[in-house]
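Every number here is computed from the coordinates shown, using simple stated rules; none is lab data. Everything numeric here is computed off the predicted structure, so don't read it as measured data. A quick note on method: Cβ atoms are made from the backbone with ideal geometry, for glycine too, and the neighbour counts reach across all protein chains shown.
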Amino acid sequence: MMREALIDLGAISGNVENLRAAVGGMTSMVVVKANGYGHGATQSARAAVAGGADWLGVVDIDEALELRAAGIQTPVLAWLHDPDQDFAEAIAARIDLGVSYLEQLDRVAAASGTGQIHLKVDTGLGRNGAAPGDWAALFDAAAAHERAGRIVVRGIFSHLAGVSDTDQVASFEQALAEAAATGLTPELVHLAASGAALDVPNSRFDMVRFGVAAYGLSPYSGGSHPAVSLTPAMQLSGAVVSAKRVKAGTGVSYGHEHVVPRDTTLALIPLGYGDGIPRHGSGAGPISIKGKRYTVAGRVAMDQVVVDVGDDDVAVGDRAIFFGDPATGVPSADDWAEACGTINYEIVTRIGNRVVRRYTS
């Protein structure tokens, strides 16, 4: 295949098992938003459940309905909604709904069926969730709707701005106290994502949420976590589709930012920014061919990159590995993130639809 992302579903299951063990086997959600961080939503969801995930998390209702359409019946939470969202279909499909403000709460309560909701509070991240000044009104209204049988408040949650943000933990505890004062007794209280789940025990509450770590990538900028073993699940590669000799002084790709200093072989690989390869990887992104590491020569184009392989024996049909499990000697998503000035989350999530996903277990 010209472009291929090989996804090891067994690695996802194993990562989830190891992560759950690291937090004492407590209730865990695995987040499969954004097409499973680029790995495939339904396939990743099944692998996560096989590894022991109790819940699945997605951003929006369409992502949740995709899981239900695939026959996945594991509890799933969707937390970001269109302002005009019709909640009836989601309620009928037993999708739990994140609710962040009063009008949204009232619309869920007015929808047919009894919505299972998780109230989201903003404890310092400054994104989605009710601001502290709005907590009391939201909790009072939710309690009233619950007493009337229109909703069930199944959870209260928030999200940390940083792994060790103790001020946010304290703010979340204050929100829980205010909710309890209105009579709300949610089944699930959750705050911690991958990093905090591993490092901040008092942020775990009733459930933890594992995102990028479930796919074998560290949530830390400084590398892996000593308490848990993770295996990257995605290997991205492309076939060499051209290998030609050129003379010294030949310019490569747009703008000739790379000019070969000697007679050399240029290998062309059909992956570019149209497939999710960051343009910031121009002249910097690592690529492994036949066990040897090279660097992208010149600019990343929409559909292709070029590698200057010198006099090495590289031919049409050889596989060029952009990233995978570094334990096998190939570059990692973290290597690409460092080369591009970004994070490993972005490297895997942005892989486009032209790249064929192939799954192994």
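One table, with the values for the structure above:
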| item | result |
| --- | --- |
| Gained length - ASP312 relative to ALA131, 0.36 nm times residue gap less alpha-carbon distance | 59.2 nm |
| Between helix 9-22 and the chain: long-axis angle, C-alpha atoms, 0 to 90°, nearest 10 | 50 degrees |
| In degrees, nearest ten, helix 135-147 long axis to first principal axis of the chain (Cα) | 70 degrees |
| Computed magnitude of the charge dipole of the range 234-360 (debye, nearest 20; Cβ of K, R +1, Cβ of D, E -1) | 320 debye |
| Unit charges on C-beta of K, R, D, E only; dipole of the range 9-215, Debye | 560 debye |
| Cα-derived Rg over Rh, computed across the range 1-151 with Rh taken as Kirkwood radius | 1.02 |
| Computed over the range 234-360: relative contact order in percent, which uses C-alpha pairs under 8 Å that are six or more apart | 28 percent |
| Separation of alpha-carbon centers, the range 122-161 and the range 16-82, rounded to whole Å | 22 Å |
| Amide H partners (placed H, <5 Å) of ASP122, local residues excluded | ALA130, ALA131 |
| Segment ASP199-ALA92, length gained on full extension (0.36 nm per residue, minus Cα span) | 34.8 nm |
| FRET efficiency estimate (nearest 0.05) - Cβ-Cβ, MET2 to VAL152, R0 45 angstrom | 0.35 |
| Cα centre as origin, Lys/Arg/Asp/Glu Cβ charges: the chain dipole, Debye | 1100 debye |
| Amide H contacts of TYR359 (H built 1.01 Å from N, under 5 Å, at least 5 apart or other chain) | ILE7 |
| Proximal charge balance of TRP135 [Cβ under 12 Å; K/R count +1, D/E count -1] | -3 |
| With eigenvalues of the C-alpha gyration tensor scaled by 5 and rooted, the range 234-360, Å | 23, 16, 13 |
| Modelled FRET efficiency - R0 51 Å, ALA180 with ASP263, Cβ distances, 0.05 increments | 0.10 |
| Extended-chain gain in nm, criterion 0.36 nm per residue less alpha-carbon gap, GLU346 and ALA227 | 40.4 nm |
| Estimated FRET transfer efficiency when R0 is 45 angstrom, pair GLU17-VAL241 (beta carbons, to 0.05) | 0.70 |
| Label-point gap, in nm, between GLU173 and LYS292 - each point 7 angstrom along Cα→Cβ | 5.9 nm |
| Most fluctuating residue given options ALA180, ALA193, ALA47, as computed from a GNM of the chain linking Cα atoms under 10 Å | ALA180 |
| Residue of ASP199, ASP140, ASP82 that the Gaussian network model of the chain assigns the largest fluctuation, springs spanning Cα pairs under 10 Å | ASP82 |
| Helix 166-181 vs. the chain, principal-axis angle (Cα, 0 to 90°, nearest 10) | 30 degrees |
| Residue exposure sequence - LYS290, LYS33, LYS247 - by fewest surrounding Cβ within 10 Å | LYS247, LYS290, LYS33 |
